Each structure stands twice: as structure tokens, then as C-alpha cells.
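Enquirer: Quick one: the structure is below, and I'll ask about it shortly.
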Amino acid sequence: MNATLPTADALRAALAGLLDGLPPKQAGQAVDRLIAHYRGTIPTDAPVLRDRADVVAYAAYRMPATFEAVRAALAALHEAAPDWAPATHTDVGGGTGAASWAVAGEWEGHRTTVLDWAEPALALGRELAAAGPDALRTADWRRARIGEDLDLAPADLVTISYVLNELTGPARTALIDAAARAGQAVAVIEAGTPGGYTRIIEARDRLVAAGFTVAAPCPHSGACPIEPGTDWCHFSARVSRSSLHRQVKGGSLAYEDEKFSYVVATRFTPLPVVARVVRRPQIRKGQVLLDLCTREEGLGRDTVTKRHGALYRAARDTDWGDAWPPPEDTA
């Protein structure tokens, strides 16, 4: 059962009262500091979230966007392995639990363990989880130092979302290796920036070297065809902004687009895809232009016109990040 939409609604409802009692100026300052951190390039070896004000600001500022980015990555995993479901899930560096909310929206009946080094984040995560589905209410929220000495218990699914930027190079390597030893499926999500993409490629390479198969977004497990320094692979998720979200971020629009890079890799064999749409499709009169990463030919462009009939109609409904062609046309 895919309960993503109700879970998204439940998360928004759980976030709605967070700023009660927190002075707007204090919340704004915390958000400004967090924005500076997440846009920065200097890794840290200390928790970013220091107290409840930081954690509340983070939850209001980042949880909806992190949830949607992770949800998109997990939807690609679900599409690649429709008959698979995790019985156990470890959320590394999970903080207030955005990735765990996304997992609970994609599958049910699993046991989740959230690991983070910031106790204030874990405390708020537990508080928010009380309004979520069973997997969140029964989750184990555990303090752990996310670094070179982290030992992960075996789990069907390991998620690592927006964590690698906070770690030194050796700690990133150790974490991905630990995830590879522990997980049957590993999902790594980072900001959709050149730096985030670089960290994803590093993680992807280590997972493949450890014997994993890339399930998404790549249609293959070979080397990325993007020439380093010329471009970066990323995707976009639409995030609905609540009034709380707009208040904390100082925005007026009812939505924003979260840009993210990701890799999902598995110990089992996923369903293959021919290609993945790697840019927003360009819809023109009588044709759709699709920029693709393909299994056999690397990067390329497919032009689908009205004369392609059903395939043209499918192209008009295809979004950035989707597999191509649609499943019914891959035989």
C-alpha cells in the first residue's frame, strides 16, 4: 500500500504547531544560519542542530523538502522493485525523521531505527512521530555519532539523506561502506548542486564496487556519462508550502521546487529501465523533447512527435526523473 499522500498530509499537520511559543526573530535567525550551512561547502564534525530553536527551525524549513526528495527517490526504488518491501529500515543521520516519514509513506509494516547525533532533533522527531503512521510511532530513535566509527546493524533498507555534506571525506567513505555492509537496499540523497552530485557519484561508485546494482536514477551501473565539471545530474520535487513553511522561509508562493541528487542501489536485481529523463521535458507544438540518460548510449535526446501516437501522449505526461519509455512500451 502506498500511503504517501496521507502521510504527507499528516506530516504537514504535525508541523503546524511547531512555532507556537518560539519568537519569530529567533526562528528566523536559526533558519538563516541553517541556510548558510546547507549552502556551504565546509563539512563539520559536530551536530548542526544545537537546541530546540534550531530543531524547530530546521523542521519547518527543511522537513517538507527533504520528505519530498526522499519520497521521489523511494518511489523510483518501488518502481524498480514493485514486489519488494523492507521489513527493517535504518535512517542514518535522520534528525527529525523526514526520510522515515517518506519510507512510511511508501511501505508499511516495517520497523524503523533513526540514528542521529543531535538529541534535540531526535526528541522532536519522536514528538512529531506521535501523529504519524505505526512505523513512526513505534520507531527506535537512537543517539549515535555519525562518522567513521559508526556500526550499522543489518537492515533491508538504509537511507542517508542530506548527511554527507556534514561529514569529512574519510567519514563519508566509512559511512557508505557501513551502509553497504548492512543494507539490502541503500538510498543516498543530497542537495541538487554540483557538490551534492559529486558526493552522490562517490557514494554510487563505492556501492557498485561493493557489489550493488544501481536501481535508480541511472539505467545502468557503469560510469556516469557526464564529464566531470561540465554538468551535474539532479532532479526536482514540488513542495507544497504550508502557512508555517511560508512564515519561516519568508516566502509567499504556495509551493517551491526542491532540487536533489540521489542514488538507490540494491543487493537484489531491480527491473531494468531503458532510459531516465534527466531534464525537464520541453513541450513544443506537436513534439516533446526528452533529454535522456540511456542504458546503452549514455546521454542523448529523444524527439517524440504526434506521429508516434500513444507514445507522444505518454511523452506529454512524462516528468523530469521518470523512466522512459513507459513500462507498456518497453517490451
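Enquirer: Before anything else, pin down the relative contact order of the range 54-167: Cα pairs under 8 Å, at least 6 apart, normalised by residue count, whole percent. The partial results should precede the final answer.
Expert: Values: 176 pairs, mean separation 34.5, N = 114.
Across the range 54-167, relative contact order equals 30 percent.
Enquirer: Ok, one more. Please list Phe260, Phe268 in order of solvent-accessible area, largest first, computed with a 1.4 Å probe with all protein chains present.
Expert: Values: Phe260 5, Phe268 50 Å².
Solvent-accessible surface, decreasing: Phe268, Phe260.
Enquirer: Quick check: residue separation of Gln287 and Leu271 times 0.36 nm, minus the Cα distance between them. What number comes out in nm? Let's see the in-between values first.
Expert: Values: separation 16, 0.36 × 16 = 5.76 nm, distance 2.86 nm.
Gain in length upon complete extension: 2.9 nm.
Enquirer: Still on this structure, I have one more. Given q = 0.17, 0.18, 0.19, 0.25 Å⁻¹, what are the Debye log10 I(q)/I(0) values for the range 175-223, with equal point scatterers placed on the Cα positions and solvent ignored?
Expert: Reported log10 I(q)/I(0), two decimals: -0.47, -0.52, -0.58, -1.00.
Enquirer: Using a ≥ b ≥ c from the Cα gyration tensor of the range 78-166 (square roots of the eigenvalues), is it rounded, prolate or oblate, where a/c under 1.5 gives rounded and otherwise the larger of a/b and b/c decides, a/b for prolate?
Expert: oblate
Enquirer: Please compute one quarter of the surface area of the Cα convex hull for the range 96-236 and express it in square nanometres.
Expert: Values: hull surface 35.0 nm².
For the Cα atoms of the range 96-236, the hull's average projected area reads 8.8 nm².
Enquirer: Could you list the square roots of 5 times each eigenvalue of the Cα gyration tensor of the range 134-178, that is, the equivalent ellipsoid semi-axes, sorted largest first and rounded to whole Å?
Expert: Working: eigenvalues 93, 26, 21 Å².
Listed largest to smallest, the semi-axes of the range 134-178 are 22, 11, 10 Å.
Enquirer: When you take every Cα atom in the range 290-331, what is the radius of gyration, and what is Dmax, the widest Cα pair distance, in Å?
Expert: Rg then Dmax for the range 290-331, in Å: 10.2, 26.
Enquirer: Ranked from highest to lowest mean number of other Cβ atoms within 10 Å per residue, what is the order of the peptides 231-239, 218-226?
Expert: On the way: 231-239: 19.1, 218-226: 16.3.
So the order, starting with the most tightly packed, is 231-239, 218-226.
Enquirer: Peptides 198-207, 169-178: what's the order by average Cβ count within 10 Å, highest mean first?
Expert: On the way: 198-207: 21.0, 169-178: 18.2.
Taking the mean over residues of other Cβ atoms within 10 Å, the ranking is 198-207, 169-178.
Enquirer: How are the alpha carbon pair distances in the range 138-219 distributed across 10 Å bins from zero to the largest one, expressed in percent?
Expert: Whole-percent P(r) values from 0 Å outward: 17, 55, 26, 2.
Enquirer: Multiply the residue separation of Ala131 and Asp151 by 0.36 nm, subtract the distance between their alpha-carbon atoms, and state the gained length in nm to one decimal.
Expert: On the way: separation 20, 0.36 × 20 = 7.20 nm, distance 2.99 nm.
Extending this stretch completely gives an extra 4.2 nm.
Enquirer: Can you tell me the accessible area per residue over the range 76-142, all protein chains present, probe 1.4 angstrom, in square angstrom?
Expert: Working: 2220 Å² over 67 residues.
Computed with neighbouring chains in place, this is 33 Å² per residue.
The values are calculated or read from the model by the stated rules, or taken from the named source; none is laboratory data. All values reported here derive from a predicted model rather than from experimental measurement. Here Cβ is always computed from backbone atoms with ideal geometry, including for glycine, and neighbour counts include all displayed protein chains. Heads up: the accessible areas ignore ligands, DNA and RNA and are worked out on the full protein's heavy atoms, side chains in. Shrake-Rupley method; radii C 1.70, N 1.55, O 1.52, S 1.80 Å.
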